[in-house]
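Written below as structure tokens is the structure these notes are about.
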Amino acid sequence: MSLSLEDLAARLAALEDKEAIRALKARYLRACDLKQPDVVRDCFAPGNIRIAYQNFPEFTDRDAFVDIYREMGCQPGVYDIHHATNAEIELTGADSATGKWALNFRTILTGPRQIVRLAVEYEDVYAKVEGRWLSVETVSHVTSMLTEQVGEDGSVTVLALAEPPAA
């Protein structure tokens, strides 16, 4: 099998684009964990976008989303852990792509002494804007949840255990 330089260049560009999208998602999730709202904001395209995370209001611009993130996530005693895996990235055009991700999410709330664990599925849409991949749509669905209460003595009590919704 013989490949032309043009074919190899196209394959390399596709790999580079997919890696840039992986890096974008990692930057977003890490910024959420490290309470970096300006970095979170810069992971989304300016203008009209869609952020529809289950159990949250839907957002159509990045600034409104970041305002709520600052209010809820950037507080003392709130510690988040976002680990996304199982990426399925499809380039749908020269400057467009979709992605699916599985998220293992945990938040530790020191005030009420609770730990919430979620399994979440993301479906994202990306656009290349001025040479950079950015999120233009992200939708999430919780597939399972566990909420635990940590007693003063270190004992753990399960407060909520939710199964995935029926298909």
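The values are calculated or read from the model by the stated rules, or taken from the named source; none is laboratory data. A quick note: this is a predicted structure, and the numbers were derived from the prediction, not measured. Don't worry about glycine lacking a Cβ; one is built from the backbone with ideal geometry, like all the others, and counts go over all protein chains shown.
Observations
- Taken over the stretch 118-147, the criterion of being buried (at least 16 other Cβ atoms within 10 Å of the Cβ), under 19 Å from residue 82 (Cβ atoms) and not aliphatic (A, V, I, L, M) is satisfied by 121, 122, 124, 126, 133, 135, 137, 138, 140, 143, 147.
- A search for C-beta distances below 8 Å between a residue of the stretch 99-115 that is at positive phi and any residue that is in a strand (DSSP E or B) and of a type in the set (A, V, I, L, M, F, W, C), counting only pairs 6+ apart in sequence or on different chains, returns 113/150.
- Scan of the stretch 46-66 for residues that are buried (at least 19 other Cβ atoms within 10 Å of the Cβ) and either among the charged types (D, E, K, R) or under 25 Å from residue 91 (Cα atoms) (or both), ordered by number: 49, 51, 59, 62
- Residue 29 being surrounded by fewer than 12 Cβ atoms within 10 Å (Cβ to Cβ) and either at pLDDT 95 or above or not aromatic (Phe, Trp, Tyr) (or both): no
- Among the candidates 45, 9, residue that is among the aliphatic types (A, V, I, L, M) and modelled with pLDDT under 95: 9
- Any hit, the stretch 56-64, residues being under 11 Å from residue 135 (Cα atoms) and in contact (Cβ under 8 Å) with a residue 40 or more places away in the chain: no
- Any chance residue 152 is part of a strand (DSSP E or B) and modelled with pLDDT of 95 or more: no
- Single match in 78, 40 (criterion: surrounded by 11 or more Cβ atoms within 10 Å (Cβ to Cβ), more than 12 Å from the chain's Cα centre (by Cα) and at pLDDT 95 or above): 78
- Candidate set from the stretch 1-34 (those that are basic (Lys, Arg) and over 14 Å from the mean Cα position of the chain (by Cα)); member that is nearest to residue 82 (Cα to Cα): 18
- For the stretch 88-117, the candidate set comprises residues that are buried (at least 16 other Cβ atoms within 10 Å of the Cβ) and under 12 Å from the mean Cα position of the chain (by Cα); within that set, the residue that is farthest from residue 44 (Cα to Cα) is 105.
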